[in-house]
1. With the requirement that a residue be among the polar types (S, T, N, Q) and either under 23 Å from the mean Cα position of the chain (by Cα) or not in a helix (DSSP H, G or I) (or both), what does the stretch 16-74 give you?
2. For the structure I just gave you, tell me whether L120 is touching a helix residue (DSSP H, G or I) at 6+ places or on another chain (Cβ under 6 Å), under 23 Å from V184 (Cβ atoms) and in a helix (DSSP H, G or I).
3. Considering each residue of the stretch 139-155, count those that are within 17 Å of the chain's Cα centre (by Cα) and either of a type in the set (D, E, K, R) or within 20 Å of Y31 (Cα to Cα) (or both), and give that number.
4. Please go through the stretch 172-183 and give me each residue that is open to solvent by 90 Å² or more (accessible area, probe 1.4 Å) and either acidic (D, E) or farther than 21 Å from L29 by Cα (or both), ordered by number.
5. Restricting the search to the stretch 87-115, which residues are open to solvent by 50 Å² or more (accessible area, probe 1.4 Å), more than 19 Å from Q143 (Cα to Cα) and touching a residue at least 24 places away in the same chain (Cβ under 8 Å)?
6. Quick one: is L64 modelled with pLDDT of 85 or more and over 20 Å from I89 (Cβ atoms)?
7. What is the one condition in (1) at pLDDT 90 or above; (2) under 16 Å from V110 (Cβ atoms); (3) open to solvent by less than 60 Å² (accessible area, probe 1.4 Å); (4) out of contact with any Pro (no Cβ under 8 Å at 6 or more places or on another chain) that V142 does not satisfy?
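The values are calculated or read from the model by the stated rules, or taken from the named source; none is laboratory data. Nothing here was measured: the structure is a model prediction, and the numbers come from that model. When we count neighbours, we look across all protein chains shown, and the Cβ atoms used for this are built from the backbone with ideal geometry, even at glycine. Please note that ligands, DNA and RNA were not included when accessible areas were found on the heavy atoms of the full protein model with its side chains. Shrake-Rupley method; radii C 1.70, N 1.55, O 1.52, S 1.80 Å.
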Amino acid sequence: MPVALPSLKSLARQAIPRLLEAVVIPLALFYTALAAFGLNGALATVLAWAYGSLAWRRLLGRPLSASMILATIAITIRVALTAWSGNTIIYFLQPELGTICFSMVFLASVRLHRPLVGKLIGEYVRLPQAVMAHEHIRRCFVQLTLLWALVLLANATLSIWLLLSATLGTYLLIRPITVALISVLAFTCSVTLFLRALRHLGLQTRTDHTH
């Protein structure tokens with residue numbers, strides 16, 4: 001049987017709403033409220049969006065995932081530390097430090113011989129256990145895990161440099177574009193390497209539009 005890969009359309013359908021809800025809208029709200037009401041107003045706006053999103057899901061009867069609850073806790077801590085310090089830079093610095101820690105988790109998973117990319121791919125692509133355990137596929141997972149560890153580290157380093165050396169407006173303009181370009185290139189490279197590894201084993205692939 002050919003290996004079923006999710007289509008780009010299905011991946012986008014899952015990723016875009018999450019990206020808008022968790023990143024784009026909070027960032028736009030923060031910057032707009034910062035210009036209109038100052039730092040405390042911006043922090044209150046972002047916090048209201050985070051808890052309002054949870055309340056809205058509850059009203060609609062939608063389940064609250066563990067990742068959403070953890071993200072809300074994280075934004076609460078982020079807002080509290082920023083309000084305590086009174087420094088806008090702290091608000092944007094915290095997630096970059098978290099990204100660096102996440103890149104270290106990727107590196108540690110390679111050291112522990114449990115490359116994290118393998119687990120992430122397993123959530124979207126159904127592969128037989130024999131294929132997942134194959135040496136060539138495991139080597140591919142290691143390479144991809146190292147790649148994304150470097151991508152996360154590069155994105156965080158660049159973001160911190162912009163945050164500390166440029167104006168806030170420049171940071172908010174350049175950082176999303178640069179991070180998106182690096183991530184798209186890394187994603188394209190990852191898909192290419194993964195498909196090459198599957199074909200090396202003689203496996204056929206097909207696109208699953210119902211994923």
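1. T45, S53, S65, S67, T72
2. Criteria not met by L120.
3. The qualifying residues number 0.
4. Within the stretch 172-183, just L181 meets the criteria.
5. I89, L97
6. no
7. (4)
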